[in-house]
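Peer 1: This is the structure I want to talk about, given as structure tokens.
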Amino acid sequence: MEMSTMTQDPAKDIVATNIEQQKETLNPHEIARLLINNATRELGLPSAVYEYLKEPERVLHVSIPVRMDNGEIKTFVGYRGQHSTVVGPAKGGVRFHPEVSLDEVKALSTWMTFKCAVVGLPYGGGKGGVICDPQQMSKRELEALSRGYIRALADFVGPDRDIPAPDVNTNPQIMGWMMDEYSKMKGYNAPGLITGKPMILGGSAGRGAATGRGVVICIREAANRIGLNLRGATAAIQGFGNVGSWTAMLLDELGVKITAIVDARGGAYNPSGIHIPEAVEYYKEHGTVTGLAHTQNITSAELLAMEVDILVPAALENQITLANADQVKARIVAEAANGPTTPEAGRIMTEKGILQIPDILCNAGGVTVSYFEWVQNIQNYYWTEEEVNAKLELMMVNAFNAVYKVHEQRKVSMRRSAYMVAIKRLADAMTARGWI
Ligand code: NAD
């Protein structure tokens, strides 16, 4: 497109370009801006709302020198982005991965603002990452990197400013090291700095299952709306890690027949239904579901196109795109992963009558229980798993109902209605603060 025909708004340009050229962007930050822009215009909100939200408020770039096991110093690059703090402190995970980039941190922090807002949590969005390959590092090196990262961020984060959590390749042990380092620097115990900690350091009961539990609550509500009886319904799940396996176990408990699962190394298919407890044990032992007894191999592409009632992408972003959206046959697509569907693919599935539960709603159970963890840390009073699950149920059902109501009233997709619910809350906070 020639410069002279471009509008001043980059997100509008993406829409225009896509409509003209029938191509899609896979850049997550561009996708996030496009969705924000659409929701702002749909609600007739002032363009100032989009202006406040199109870029993160702050991004810190840090370098972290670590003495490696061979005695040499190696400097790692890390980031922490705070997208919006209009309704509360920033909240979001820390990713350790070779492909971490500034753009990715910006996009993921933006999604977190919307995820927190759609559930009504008193948080904005944050995200962090360090460019590293944890698979190539010893435990001692990882500990030194984790402590170095949080030391570098110490004046930027904190229980009232920005609360990190685990993300790809980070786990409760890493959260424990970071909390310990920060507490030593401050001179007092600060469990509210970070969530996803080991239980003994103030982690919450129910956090491990929380994202999958939230996904299943959304599926149950969606099934009710379209008159699908879950007992005997069929499902296929892409990704069998934390989110995919918990989703499988909880769907199994509701009587759903899971006929296919895949992970990064292969898949398993049984038209009569896979024995999920056995699959979980097998995956723990082998790191893949390939070769599970009484199943045939299946690829990710085959799984996404299967004749099932419910499809759950629970692995990576950009899995359902213009290239394969018309092959999806499920009645419900529950986006357990972040960004598994491109906006164009979403539009095609909407036209086919598929009810899509968008990621910012569908996988919000994790950050919701992280919020409960932070509340418990601040109170120094801990809840039982039953209490946590009951509160999660209430918040997820309320969020689902709010999104579904806009979807029905405005005749827009669930994705667009989720962004509208979220942006309305953010805009209300901006108005109340006198920003707009
Ligand atoms: P995980 O690392 O525990 O599991 C990821 C799974 O996906 C693994 O089984 C892996 O083998 C599989 N996978 C990877 N590449 C694949 C491919 N090309 N095809 C098929 N399968 C593939 O991660 P997780 O915590 O379960 O997170 C999964 C998704 O859910 C991510 O998008 C993550 O951002 C999102 N999410 C996670 C949480 C949480 O609480 N863990 C919360 C919100 C969103």
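The values are calculated or read from the model by the stated rules, or taken from the named source; none is laboratory data. Everything numeric in this text was worked out from a predicted model, so none of it was measured. Neighbour counts run over all protein chains shown; Cβ positions are idealised from the backbone, glycine included. These area figures cover heavy atoms from the full protein model, side chains too; ligands, DNA and RNA do not enter into them. Shrake-Rupley method; radii C 1.70, N 1.55, O 1.52, S 1.80 Å.
Peer 1: Per residue, how much accessible area does the chain show when a 1.4 Å probe rolls over the protein heavy atoms, in square angstrom?
Peer 2: 41
Peer 1: Tally Lys/Arg at +1 and Asp/Glu at -1 over every other residue whose Cβ is under 13 Å from the Cβ of A32; what's the total?
Peer 2: 0
Peer 1: Output the DSSP H helices from the chain with an along-axis C-alpha extent of no less than 18 Å and a mean Kyte-Doolittle hydropathy no less than 0.5.
Peer 2: Answer set is 102-119.
Peer 1: With no solvent and one equal point scatterer placed on each C-alpha of the stretch 307-373, evaluate the Debye formula and give log10 I(q)/I(0) for q = 0.20, 0.24, 0.29 Å⁻¹, two decimals.
Peer 2: Debye curve over Cα of the stretch 307-373, log10 I(q)/I(0) at q = 0.20, 0.24, 0.29 Å⁻¹: -0.72, -0.98, -1.34.
Peer 1: Springs between alpha-carbon pairs under 10 angstrom, Gaussian network model over the chain: which of Y182, Y381, Y79 fluctuates most?
Peer 2: Y381
Peer 1: From zero outward in steps of 10 Å, how is the percent of C-alpha pairs of the stretch 370-414 spread across the bins?
Peer 2: Bin by bin from 0 Å, the calculated values are 25, 35, 22, 16, 2.
Peer 1: Using the Karplus curve 6.51 cos²θ - 1.76 cosθ + 1.60 with θ = phi - 60°, work out ³J(HN,Hα) for each residue of the stretch 312-324 in order, rounded to whole Hz, and write x for Gly and Pro.
Peer 2: My calculation for the stretch 312-324 gives 10, x, 10, 10, 9, 7, 6, 8, 10, 10, 4, 5, 9 Hz in order.
Peer 1: Mind jotting down the three principal axis lengths of the stretch 255-342 based on Cα atoms? Whole angstrom, largest first.
Peer 2: Taking max minus min along each principal axis of the Cα atoms, the stretch 255-342 gives 34, 23, 21 Å.
Peer 1: Straight-line reach from K391: which lysines have a Cα under 27 Å away, not including same-chain ones fewer than 8 places off?
Peer 2: Those lysines meeting the cut-off are K91, K115, K127, K197, K405, K424.
Peer 1: I would also like to ask the following. Could you order peptides 312-322, 110-120 by the average number of other Cβ atoms within 10 Å of their residues, highest first?
Peer 2: Output ranking for 312-322, 110-120: 110-120, 312-322.
Peer 1: While we're looking at this one, here's another question. Determine the dipole magnitude for the chain: charges of +1 sit on the beta-carbon of Lys and Arg, -1 on that of Asp and Glu, nothing else is charged, the reference point is the Cα centre, and the result goes in debye to the nearest 20.
Peer 2: 840
Peer 1: Peptides 70-78, 189-197: what's the order by average Cβ count within 10 Å, highest mean first?
Peer 2: With the highest mean Cβ count within 10 Å placed first, the list reads 189-197, 70-78.
Peer 1: Who wins for biggest fluctuation among L361, L304, L102 in a Gaussian network model of the chain, springs between alpha carbons below 10 Å?
Peer 2: L102
Peer 1: Which three numbers, in whole Å and largest first, are the semi-axes of the equivalent ellipsoid of the chain derived from its Cα gyration tensor as √(5λ)?
Peer 2: They are 31, 28, 22 Å, listed largest first.
Peer 1: Collect residues whose amide H, placed 1.01 Å from N in the peptide plane, falls under 5 Å from the amide H of A330; neighbours closer than 5 in sequence don't count.
Peer 2: V308
Peer 1: Just how much of H61 is accessible, in Å², when a 1.4 Å probe is used and the result is rounded to the nearest 10?
Peer 2: 120
Peer 1: Would you mind telling me the share, in percent, of accessible area of the stretch 343-434 contributed by carbon and sulfur at probe 1.4 angstrom?
Peer 2: 50
Peer 1: Please list, ordered by chain and number, the residues whose modelled amide H lies under 5 Å from the amide H of D162; skip anything fewer than 5 residues away on the same chain.
Peer 2: Amide H neighbours of D162: A90.
Peer 1: Moving to a separate point now. When the Karplus curve 6.51 cos²θ - 1.76 cosθ + 1.60 is applied with θ = phi - 60°, which whole-Hz ³J(HN,Hα) does each residue of the stretch 190-199 get, with x for Gly and Pro?
Peer 2: In residue order, the calculated couplings are 10, x, x, 5, 8, 10, x, 7, x, 3 Hz.
Peer 1: Follow-up question, since we're still on this one. If amide H atoms are built 1.01 Å from N in the plane of the peptide, which residues on other chains or at least 5 residues away come under 5 Å of the amide H of F76?
Peer 2: Correct list: I64, V66.
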